[in-house]
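What follows draws every value from the coordinates through simple rules; no lab data is involved. Since this is a predicted model, take the numbers as computed values, not measurements. Ideal geometry is used to build each Cβ from the backbone, glycine not excepted, and the neighbour counts take in all protein chains shown.
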Amino acid sequence: MKDSIHQRHIRVAVSYFAMAALLGVLLRSYPIFSFGFNYRYMVHAHSHIALLGWVYVALTTIIHYCFMEKGASDKKYTRIFWFTQVSLVGMLLTFPFQGYALFSIFFSTLFLIMSYVFFHYFSKNSDPKLRYGNGLRCIKAALWYMVISSLGPWALGIIMGTLGAQSIWYRMAIYFYLHFQYNGWMTLALIGLFLFAMERLGTAIPQKSFMRFFWILNVGVVLTFFLSTLWAEPSPLLYVLAGIGAIAQGYSLFLLWTMTKNRIKTLSLSKLQVLLLKTTVLLVFIKITLQLLTALPYFARIATIYPDLTIGYLHMTFLGMISIGLFFLVDYFRLFPISKRGFRWYFWGFLITEILIFYKGFAAWVQWPIFSGYVEILALASLSILCGLLLLMALNRNRT
């Protein structure tokens, strides 16, 4: 029974991902068909459903599956889950039509409250047998970063009421939220779940080595926030701190790789799971490299002037590293099997959109022209992502 609950919840998460992908196709097709919707409002809906509907629901479901004590208040977890869905559906039905306004803010606030409730529920009910595991340490840190990231949305209301949306602090609050979401909450959660997968097979990293990695990573997570401030051209000290953070984060992930690479064989991965894991690791390497570059003043300024480079980076992080990492986990734990054909459609759509988005930013930088058919190809590649997700859902539609 427990497995079937989590399988259903992962299908809900993937459904949100497909909905976010559909909104992405509409956004990419906007210049072609001149739809009547408000583009900015639709962007809000797309981003909220992708981050909170897909990533949050998938991560919290897998975390509950792996770390909660068996028989521990499943009814309470179910209530938390469905109240969270009310907030997500509310955002889906309000953001496209009003952007940030009364009802969308109400449902966004409800989501934040439910995320706090899940945090408290997990803290009280995690399996005591896993108390000293390295995986659980990472999950607890991840959930703290999730809570810390929520200070950004709370600050937005104060900033809009006092300084206005044109203030640099408005953007700072948004970047604060995004940074601690994907560098803190999501990254630590993925690592924690990966370590748990090895620990349950008796393959744990030595405690001293793990703690060294863990603290360097956390230093990196905190200091790389300053990368998100460099667009404002702050004092040289913040460039130094951002650079130290990027180096620390990169070094910690290198340590993790060296500690786990020879232990991965104990997981008995399928060929597809190996592909998913290797792809995730490659994208982590690319992400760290880009972070190191943007710690340099010249490249920080380039990323600010040409926003497509930042958009490409964020899409690579969420659609690539985090989502493909989640594909690996849901397949490995047998909660949502990933088919090769569905993943192929998804990956090629992701790869082509990344190439096109980065090309547009690079072309603006070096003053190259945008080739004919660019918009149409980008829309078709986005459609490929949606088709891949629909294929994955079709494979799982009869699972119970």
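When the residues of the range 107-126 are filtered to those that are among the polar types (S, T, N, Q) and in a helix (DSSP H, G or I), which remaining residue is farthest from residue 173 (Cα to Cα)?
Step by step, filter the range 107-126, then rank; the result is 125.
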Search result, residues across the range 198-210 that are loosely packed, with under 14 Cβ neighbours inside 10 Å, in a helix (DSSP H, G or I) and either within 25 Å of the chain's Cα centre (by Cα) or in contact (Cβ under 8 Å) with a residue 12 or more places away in the chain (or both): 207
Tell me which of these residue 220 doesn't satisfy, since it passes every other one: (1) under 22 Å from the mean Cα position of the chain (by Cα); (2) surrounded by fewer than 22 Cβ atoms within 10 Å (Cβ to Cβ). (2)
Can you run down the residue pairs with Cβ atoms below 6 Å, 6 or more apart or on separate chains, where the first is in the range 97-112 and over 27 Å from residue 144 (Cβ atoms) and the partner is aromatic (Phe, Trp, Tyr) and surrounded by 15 or more Cβ atoms within 10 Å (Cβ to Cβ)? 99/41
Do you know which residues across the range 241-280 are on the phi > 0 side of the Ramachandran plot and of a type in the set (Val, Ile, Thr)? none
Residues being of a type in the set (A, V, I, L, M) and crowded, with 17+ Cβ neighbours inside 10 Å: count how many of those fall in the range 352-365. 3
Of all residues making up the range 268-294, the number that are closer than 17 Å to residue 199 by Cα and surrounded by fewer than 16 Cβ atoms within 10 Å (Cβ to Cβ): 1
Could you please find all residues in the range 172-194 being closer than 15 Å to residue 229 by Cα and of a type in the set (Val, Ile, Thr)? 174
Could you look through the range 239-267, keep only residues that are aliphatic (A, V, I, L, M), over 19 Å from residue 212 (Cα atoms) and crowded, with 19+ Cβ neighbours inside 10 Å, and pick out the one that is farthest from the chain's Cα centre (by Cα)? 241
Take residue 213 and decide whether it is surrounded by 21 or more Cβ atoms within 10 Å (Cβ to Cβ) and in contact (Cβ under 8 Å) with a residue 60 or more places away in the chain. no
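Residues are listed down the side, and each one gets a yes or a no for (1) out of contact with any Cys (no Cβ under 6 Å at 6 or more places or on another chain); (2) touching a residue at least 12 places away in the same chain (Cβ under 8 Å); (3) of a type in the set (Gly, Ala, Ser):
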| residue | (1), (2), (3) |
| --- | --- |
| 5 | yes, yes, no |
| 18 | yes, yes, yes |
| 23 | yes, yes, no |
| 65 | yes, yes, no |
| 76 | yes, yes, no |
| 82 | yes, no, no |
